[in-house]
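Notes follow once the structure below has been shown.
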Amino acid sequence: MPVPRISFEFFPPKTLEASFKLWDTVRMLAPLRPEFVSVTYGAGGTTRKLTHEAVTTIGKQFDLNVAAHLTCVDATREETLAIADSYAQAGVTEIVALRGDPPKGQGGFTAHPDGFANSIELIEALAATGNFNLRVGAYPEPHPEAADSLADVRWLKRKFEAGAHSAITQFFFEAETFLRFRDACAAEGIEGQIIPGIIPIENWSGIRKFALATGASVPAWLDEAFEKATRDGREDLLATALCTELCDKLMREGVEDLHFYTLNRPTLTRDVCHALGVQPQVALENVA
Ligand code: FAD
């Protein structure tokens, strides 16, 4: 089986301590030579400046292809396009274009009166600049706001028609969830690349809560497995084995690209990548 192409998601740090953590994370994962890495944009656009700083600094210091996440929340079209333009000026050529969610506790998405009404409008406007390779979000288990799974797949198709080059999925726990979604997309005539989003489970109770909030289903066997592993102090071993097995199953079904949600904790992601045959590529001059 060929070695997969990999990519990593990070989030921008809000404190000095978190900055060091991000730095250590990127330093540990950069030698795996990802196709790209991406930096999230806080819910409600709350990390506008921090995301920009993280994207440009990682790009400069680590010679990585960095994608900036950008959402339409709480900003006029002009403001959103100005942010995109500042990325183009800084040499950033990849954007993960999303509608986004408001900050916690503020209900559902409401478009800014002068802002983009949805992700399609944002994608079209960014595509029209000709400056970016555009990636978008996709939902193997339908997004909570989707009318049904077919409507969700059709909406994704519209994102590709609007100018998206590839889609990255929400995370999921069973390979069949992604494979069914991939089939449904193919049946609707989607030919664009769909990259599965993979979450190494460093903290099961936290990830479980996060999963339920995003509408991902949580299989009972996973609860049982982590309950036993926690009793035996073996959570990391279980997490590495489960994540490696999930990736392996996907690759056996022809998946060539994997996008890891690192949560700025690099060890599990690194171990899984190693297990999948992705080896660090370190220049000799950096070793001596
Ligand atoms: P869309 O796909 O446009 O909308 C979500 C769903 O709602 C659609 O799939 C569709 O079924 C339905 N829908 C929406 N509008 C319509 C319409 N007009 N007609 C019919 N159906 C409609 N959030 C952040 O705040 N910052 C981030 O950095 C971030 N990064 C993410 C990265 C990835 C890879 C993913 C998958 C999600 C990310 N999110 C992020 C979360 C995302 O913002 C939320 O899931 C948000 O609710 C939807 O954004 P979207 O662009 O996927 O929306």
| message | Restricting to region 102-134, give me the number of residues that are in contact with a strand residue (DSSP E or B) (Cβ under 8 Å, 6 or more places away or on another chain) and assigned to a loop (DSSP other than H, G, I, E, B). | response | 1
| remark: Residue set Val96, Val55; condition open to solvent by less than 10 Å² (accessible area, probe 1.4 Å), out of contact with any Pro (no Cβ under 6 Å at 6 or more places or on another chain) and more than 25 Å from Glu161 (Cβ to Cβ); output residue Val55
| remark: Condition set among the charged types (D, E, K, R) and under 22 Å from Phe109 (Cβ atoms), scope region 53-85, selection nearest to the ligand (Cβ to nearest atom): answer is Asp74
| said: Can you find, within region 129-160, the residue that is nearest to Lys249 (Cα to Cα) among those that are away from the ligand (no atom under 13 Å from the Cβ) and surrounded by fewer than 20 Cβ atoms within 10 Å (Cβ to Cβ)? | reply: Asn133
| query | Listed residues Thr51, Thr40, Thr25; which is at pLDDT 95 or above, under 18 Å from the mean Cα position of the chain (by Cα) and more than 23 Å from Leu98 (Cα to Cα)? | reply | Thr25
| message | Please determine whether any residue of region 19-37 is of a type in the set (Gly, Ala, Ser) and within 16 Å of the ligand (Cβ to nearest atom). | response | no
| note | In region 13-56, anything under 12 Å from Thr262 (Cα atoms) and not in a helix (DSSP H, G or I) is listed as Val37, Ser38, Val39, Thr40
| said: Looking at Leu50 and the list (1) more than 12 Å from the ligand (Cβ to nearest atom); (2) open to solvent by 10 Å² or more (accessible area, probe 1.4 Å), which single condition is not satisfied? | reply: (1)
| query | Mind checking whether some residue in region 112-120 is within 11 Å of the ligand (Cβ to nearest atom) and surrounded by fewer than 18 Cβ atoms within 10 Å (Cβ to Cβ)? | reply | yes
| request: Of the numbered conditions (1) in a helix (DSSP H, G or I); (2) at pLDDT 95 or above, Ile95 fails exactly one; give the number of that condition. | output: (1)
| request: Working carefully through the options Ala229, Ala239, find the one that is among the aliphatic types (A, V, I, L, M), more than 27 Å from Phe36 (Cβ to Cβ) and in contact with a Leu (Cβ under 6 Å, 6 or more places away or on another chain). | output: Ala229
| Can you pull out the residues in region 88-105 that are under 24 Å from Glu35 (Cβ atoms), out of contact with any Asp or Glu (no Cβ under 9 Å at 6 or more places or on another chain) and within 14 Å of the ligand (Cβ to nearest atom)? | Glu94, Ile95, Ala97, Leu98
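The values are calculated or read from the model by the stated rules, or taken from the named source; none is laboratory data. All values derive from a computational prediction rather than experimental measurement. FYI the Cβ positions are ideal-geometry reconstructions off the backbone, even for glycines, and counts take in every protein chain you see. Calculation scope for accessible area: heavy atoms of the full protein, side chains included, ligands and nucleic acids excluded. Shrake-Rupley method; radii C 1.70, N 1.55, O 1.52, S 1.80 Å.
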